[in-house]
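The values are calculated or read from the model by the stated rules, or taken from the named source; none is laboratory data. Treat the numbers as computed from the prediction; the structure is a model and nothing was measured. Note: ideal-geometry Cβ built from the backbone for every residue, glycine included; neighbour counts use all protein chains shown. Ligands, DNA and RNA are excluded from the accessible area calculation, which covers all protein heavy atoms including side chains. Shrake-Rupley method; radii C 1.70, N 1.55, O 1.52, S 1.80 Å.
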Amino acid sequence: MITATKGFRVRRAAAVAVTAGAMLSTGVLFAAPAQAVTVPTITAKSGFVMNSATGTALYTKSADTRRLTASTTKIMTAKVVLSQANLNLDAKVTIQKAYSDYIIANNYASNAKLIVGDRVTVRQLLYGLMLPSGCDAAYALADKFGTGTTRAARVKSFIGKMNTMAKSLGMKNTHFDSFDGISRGSNYSSVRDLTLLGRSAMKSATFRGVVKAKSYTARTITKTGATRTMGAWTNTNTLLGWNGTLGIKTGSGTEAKYCLVFAATLNGESVMGAVLTSSSAANRTADVQKLIKFGYAKIS
C-alpha cells in the first residue's frame, strides 16, 4: 500500500526524471556559471599578457604606452642576428678593445667579461648577450652583423636592421637607437610590442635554447690558440622554471626601472607578455607571477 506521502515522493521523482529527460532530449544543459577570474593589480606602469597560441590579449595595462626598455632591447639584437641569411653559429668573432672600452665608458654596464683578443663564436656571444646581459657581447654582434667599412658604420647599420625588423613585426610604438638598451634618447617600446617581438623570437629553436638556460660556460680561443674556460654566465632571469617559465629577458636601469619579457607553458597552456617600469626587482617578479597565473586562469 502506498501512503499519500510516499505517493507524492514517487510522483515527484518521476516528474524530475521526465524533466531531466526532456532537457537531455532537447540538448539543453544547465551548468553553474564559471567563477570569474580576478584581474591582478601590478606595480609596473605597463603590463601585457597574451595567449601565445592564438595571440589573443588576456591582460592590458597601458599596453601601447612608449617606455624605456633597458636590456629587453637585446631580444631584438638576438632576433636580428638569428635572422641573418646563411648564419653560421660557429663563426668566430675576435673581441676588440672597443667593446671593453664601451663597458667602462658606460659606468661598467652589464657585461659578459669578454677578453680582448679572444675568439668567440656567434653562438657563445648569444649566450653572453642573453644570460648575463652582456653589452660587450651585444657590441660584438652589432659589429659583426652590421655592414660598413668602419665600426661606427656597422653599428649604425645593425641598429637600422633592428628598426626594420620592428616594423616588419608590426611594432608600432617601438624605436631603437642602441644595440643593448643603453638609450641615446630615443630607445623605446611598449609591452604589447615587446610581446610581439618575444613571440617571434621564440619561434627559433636556438633562441629558445639560449633563454631557458640557467647558466652557460663558454670555451673561447685565446690569442695564442689556447682554450680559455670562461667563468659561468648566470641567467639574470630568476623566474626560469617557475610555473613553466621558459624565458625571456630582464632589463633594468635608473630611468627604465625594472622590466621583463616573459614566456611560460604549463599543462598545454602557453602565455607570453611583458612588464615595463616595475618599481623594484622584487615587485617585477611579483608582477610577472601574477600575470602568468592570471593568463593560465583566463585560458583554462
Hey, what's the chain come to in accessible area per residue, 1.4 Å probe, Å²? 49
How would you order 115-121, 247-253 from highest to lowest mean count of nearby Cβ atoms within 10 Å? 247-253, 115-121
Between segment 100-153 and segment 231-300, the Cα center-to-center distance that results, in Å: 25
Helix-only [θ]222 nm of the chain, DSSP H runs n ≥ 4, -39500 (n - 2.57) each, per residue, nearest 500: -12000 deg cm²/dmol
Which of the following values of volume of the Cα convex hull per residue in Å³ was calculated from the structure shown: [x] 121; [y] 184; [z] 171? [y]
What list of ³J(HN,Hα) couplings, whole Hz, do you get for segment 93-100 from phi and the Karplus terms 6.51, -1.76, 1.60, once you set θ to phi - 60° and write x for glycine and proline? 10, 7, 6, 9, 4, 4, 6, 6
Enumerate the calculated ³J(HN,Hα) couplings along segment 66-77 in order (Karplus 6.51 cos²θ - 1.76 cosθ + 1.60, θ = phi - 60°), each rounded to whole Hz, writing x wherever the residue is Gly or Pro. 6, 9, 5, 10, 6, 6, 5, 3, 5, 4, 5, 4
Nearest-0.05 FRET efficiency for residue 266 and residue 215, computed from C-beta distance (R0 22 Å): 0.45
Taking all protein chains in place and a 1.4 Å probe, what share, in percent, of the accessible surface of segment 25-148 do carbon and sulfur account for? 52
With the full set of protein chains in place, find how many percent of the accessible area of segment 179-300 is carbon and sulfur; take the probe as 1.4 Å. 48
Which order, highest average first, do 45-57, 179-191, 264-276 follow once you tally other Cβ atoms within 10 Å for each residue and take the mean per peptide? 264-276, 179-191, 45-57
Report the label-to-label distance for residue 243 and residue 97 in nanometres (one decimal), using points 7 Å from each Cα along the Cα→Cβ vector. 5.0
By average Cβ neighbour count within 10 Å, what is the ranking of 59-71, 127-139, 89-101 from highest down? 127-139, 59-71, 89-101
